[in-house]
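The values are calculated or read from the model by the stated rules, or taken from the named source; none is laboratory data. Note that the coordinates shown come from a computational prediction; the quantities given were computed from them, not determined experimentally. Cβ coordinates were reconstructed from backbone atoms using ideal geometry, including for glycine residues, and neighbour counts include every protein chain displayed. Side chains included, ligands, DNA and RNA excluded: accessible areas come from the protein's heavy atoms. Shrake-Rupley method; radii C 1.70, N 1.55, O 1.52, S 1.80 Å.
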Amino acid sequence: MWTTIILITVIIASLAFLIIRARNRMKSIQDIPDSQKIRVLNDQNFSNTIKKGTVLVDFWAAWCMPCKLMVPVLNELAEESDGRFTVGKLNVDEARKTASHFGIRSIPTMIIFRNGKELKRIVGVKNTEYLLREMDRLENFR
């Protein structure tokens, strides 16, 4: 019985250590500026931006650590888009109406639109290669 209690205590302590270490690492992430090619969206310009062409919209918040991890990924994606698609960002705290309209419950959430219609919803942190593959797959899906 004591062995079980000690084992459980060690496991809990290890998990606590890993969680605290990961939290400290995420807090140390520097704010990276957005690429000039990323379109900043709000409640006023959202509809006009998504109604023509293919647009990947990142729904994010300034306090969200996983959202901060997505900044370099989205910057790279925007730079590699070559005009095939647009990358936009919508702050859910500043554009509550649009975020609510699309039922955003978890962030980061990325929605890919084509001509105003939602094609795909991606939730969570993803890498550039994954997002490029999805964009290419949807481009060929016309």
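For the reader, a short list of remarks on this structure follows.
- Only helices enter the 222 nm calculation for the chain: every DSSP H run of n ≥ 4 contributes -39,500 (n - 2.57), and dividing by all residues gives -14500 deg cm²/dmol, rounded to 500.
- Cα-derived Rg over Rh, computed across the chain with Rh taken as Kirkwood radius: 1.12
- The residues of the stretch 70-142 have, on average, 55 Å² of accessible surface per residue, using a 1.4 Å probe with all protein chains present.
- Between L69 and K97, the distance separating the two model label sites (each 7 Å from Cα on the Cα→Cβ line) works out to 3.3 nm.
- Inter-label distance for V10 and S106, nm, one decimal - labels placed 7 Å from Cα along Cα-to-Cβ: 3.3 nm
- For the stretch 58-142, the square roots a ≥ b ≥ c of the C-alpha gyration tensor eigenvalues yield an a/c of 1.5 or more together with a/b not exceeding b/c, which makes the shape oblate.
- Percent accessible area from carbon and sulfur atoms, the chain, protein chains only, probe 1.4 Å: 56 percent
- Taking θ as phi - 60° and the Karplus parameters 6.51, -1.76 and 1.60, the scalar couplings of the stretch 55-69 work out to 9, 9, 10, 9, 8, 9, 8, 5, 7, 7, 5, x, 5, 5, 5 Hz in sequence order, x denoting glycine and proline.
- Ordered by solvent-accessible area of protein heavy atoms (1.4 Å probe), largest first, the residues K120, K89, K52 come out as K52, K120, K89.
- Charge dipole magnitude, Cβ of K and R +1, D and E -1 - the stretch 22-116, Cα centre, debye nearest 20: 300 debye
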